[in-house]
Amino acid sequence: MSSLDKQEEASYFISDLIDSIKKRVVFLMAHWGILLVMGTFGALLGVGYAFIKNDTYTAATTFVVEDNKSSGGGIASALAGQFGLDLGGLSGGSGVLQGDNVLELLKSKSLLKKALLTSYDSAGTVTLADAYAKAYGFTSKWASSDKVGRVVNFSSKKGVFTRLEDSLLHVILKRITEKELSISKPDKKLSLFSLQITTRDEQLSQLLCQRLLAVTSSFYIDTKTKRVRGNVERLQQRVDSIKAVLNNKTYTAITAGRELLDANPAFTQGGEMQVEVTGRDKMVQAAIFGELTKNLEASKTALLQETPTIQVVDTPEMPLKKNEVSWMLALLAGAFIAKFITALYLFVTGGKQ
């Protein structure tokens, strides 16, 4: 095929395409009545959606995680640095539970479940899980279904739930984690975290946001300090035991001294030996008590250094942010979408008429 034939074919194709577009546009304009009807129908659907859709409430809290050990070992690292030593890797700063892991802990279903099983009312008869099931209509739905067929409650007093109750509770957990729980770190350079929970119940959103943060904070701090706290408890028991022995030795030494003073001078050799042995035991126990006390205080200081601080910056206060669909916006959006789909359909099929 020659270049001239190719140019004629391309010119014919472009002109044919332009004629086809013109034809479709004319066909589209001729059916403006259909566009008007469909636009009105879409607007009505949009308004209906705005009135049917349930309003939701968002509870948001921001908090800071301060981990002393993650900053290079605290006092020990600073002192070692003066001698050219780096104890950052030995101080626990590279541990598994660092501040960023709070994000993943907040998504934990076990911790979320623990928060959901806390009380919703002052009487403690209704849990957050019960309030959630009621707000979303799950309670009545489960009661009328063939698989459940009864009213299910998640009272924390039960202790152990049945297989059915556990499965229904996991339905709630899955919905919250996938659709209603948002966790973020606004600035990667800062230890500032944001937690948001959105539900249909305003009080439920507030309580669940607060309880989830409280449960996670407690778990995080307990896990970070478990080893050192155990050492402190064992040393405290040992110090208390040695203190009791030392007190007994003190009373025994005083009694032995009095008996020596009251004894017959001709028979004081045995009393003097008793006083000497008792005094020696007392000194040994006092030395042990002193060393254990120093170790205990050192362990308490280490515990304070290991204990992270979770400081709440902003709390979810009433009234919470209300998420509702504006009927005017829904009307315009519904009309536009309906007209666009109809126009697209008419434009595509117009050239075939």
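Within region 201-227, how many residues are surrounded by 18 or more Cβ atoms within 10 Å (Cβ to Cβ) and either basic (Lys, Arg) or farther than 30 Å from residue 133 by Cα (or both)?
So the count comes out to 3.
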| note | Note on region 123-147: residues under 15 Å from residue 204 (Cβ atoms) and assigned to a loop (DSSP other than H, G, I, E, B) are 126, 136, 137
| request: Search region 148-162 for residues being in a loop (DSSP other than H, G, I, E, B) and of a type in the set (Ser, Thr, Tyr), and hand back the single one that is surrounded by the fewest Cβ atoms within 10 Å (Cβ to Cβ). | output: 162
| query | Which one is modelled with the highest pLDDT among residues in region 300-353 that are of a type in the set (Lys, Arg) and surrounded by fewer than 17 Cβ atoms within 10 Å (Cβ to Cβ)? | reply | 321
| Out of region 104-138, which residues are surrounded by fewer than 16 Cβ atoms within 10 Å (Cβ to Cβ) and either acidic (Asp, Glu) or in contact with a strand residue (DSSP E or B) (Cβ under 6 Å, 6 or more places away or on another chain) (or both)? | 104, 121
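So in region 201-240, with the set limited to residues that are among the basic types (Lys, Arg) and modelled with pLDDT under 90, which one is farthest from residue 304 (Cα to Cα)?
Going through the qualifying residues, I end up with 238.
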| request: Would you be able to tell me the number of residues in region 284-341 that are over 30 Å from residue 228 (Cα atoms) and outside any helix (DSSP H, G or I)? | output: 13
| message | Can you confirm whether residue 238 is part of a helix (DSSP H, G or I), touching a residue at least 60 places away in the same chain (Cβ under 8 Å) and either surrounded by 18 or more Cβ atoms within 10 Å (Cβ to Cβ) or charged (D, E, K, R) (or both)? | response | no
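The values are calculated or read from the model by the stated rules, or taken from the named source; none is laboratory data. No experiment lies behind these values; they were computed from the predicted model shown. Virtual Cβ from ideal backbone geometry, glycine too; neighbours counted across all protein chains shown.
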